[in-house]
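What follows is a short report on a single structure.
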Amino acid sequence: MTIIDYGSGNIRSIYNGFKHIGVKVNVSADKNDLKNSDAIILPGVGAFGAVMDNLSKYEDIIYSHIDEGKPLLGICLGLHMLFSNSEESPEAQGLNIFKGTVKRFDLPKGYKIPHMGWNRIRVNDTANNNTSLLSDADNEYMYFVHSYYIDPEDKDIITAYTDYGGKIPVAIGKDNVFALQFHPEKSGPSGLNILQKFVNQIE
């Protein structure tokens, strides 16, 4: 299992999250390491356009990894990059693994941007998504830091919502691809349980 070190990630906290549950995870920028990895974690901190520039040389590896049926987990901006584009950087193209746009919050008066701190999630257990990482997470509080949110064309991939000035999608799951808006590595035992469930996806 490998965290992609492409120069724009919250790598240390994610590494420590897996370490806390007793799981050894590699951190690498080497393409061969990533090609041979049985699971990939895609972190992300920063502006969408700049991060996509840094990630561009790994796109083919990410696509192949997913096509081979191996698990992938995106966290925070790592969720956003799975989509077509973002209002944060309109000129930049995302990985386009899922059709949809990442939109800036347009919130009622009294709500602050970024959405920062603890908020409760509600798991969306529908027939066409994969909620296996969130099977124990319904009504649990998770830690958020974000100013943008996903708007997938296919609503069936959404695995969880939170309430912040409205119903906001905060997780997706389809086949072997999972991604979270919140930070599981900073979300206490409930978040660490999600990381363990990702590890359990590895065959």
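Here are a few things to note about the model shown:
- Within the range 16-127, strands (runs of 3 or more DSSP E) holding 1 or more residues that are more than 25 Å from residue 160 (Cα to Cα): 26-28
- Residues located in the range 103-136, provided they are closer than 28 Å to residue 200 by Cα, out of contact with any helix residue (DSSP H, G or I) (no Cβ under 6 Å at 6 or more places or on another chain) and crowded, with 16+ Cβ neighbours inside 10 Å: 119, 121, 122, 124, 130, 131, 134
- Considered as a group, the residues in the range 13-58 that are of a type in the set (Val, Ile, Thr) and under 19 Å from residue 202 (Cβ atoms) include one that is surrounded by the most Cβ atoms within 10 Å (Cβ to Cβ), and that residue is 41.
- Taken as a whole, the condition of being surrounded by 13 or more Cβ atoms within 10 Å (Cβ to Cβ) and in contact with a His (Cβ under 6 Å, 6 or more places away or on another chain) applies to residue 143.
- In the range 8-37, the residues that are at pLDDT below 95 never reach a residue that is assigned to a helix (DSSP H, G or I) and exposed (fewer than 12 other Cβ atoms within 10 Å of the Cβ) with C-beta atoms less than 7 angstrom apart, at least six apart or across chains.
- Residue pairs whose Cβ atoms lie under 9 Å apart, separated by 6 or more positions or on different chains, with the first residue in the range 106-117 and among the β-branched types (Val, Ile, Thr) and the second assigned to a loop (DSSP other than H, G, I, E, B), are 113/105; 113/107; 113/147.
- Count of residues meeting criterion [under 16 Å from residue 76 (Cα atoms) and polar (S, T, N, Q)] in the range 105-160: 3
- For the range 189-203, residues that are in a helix (DSSP H, G or I) and among the β-branched types (Val, Ile, Thr) total 2.
- Tally, over the range 7-46, of residues that are small (Gly, Ala, Ser) and in contact with a strand residue (DSSP E or B) (Cβ under 9 Å, 6 or more places away or on another chain): 6
- Yes/no for residue 10 being over 15 Å from the mean Cα position of the chain (by Cα) and either surrounded by 17 or more Cβ atoms within 10 Å (Cβ to Cβ) or among the polar types (S, T, N, Q) (or both): no
The values are calculated or read from the model by the stated rules, or taken from the named source; none is laboratory data. What you are looking at is a predicted structure, and each value in this text was computed from that prediction instead of being measured. Cβ sites come from the backbone with ideal geometry, for glycine too, and all protein chains shown count toward neighbours.
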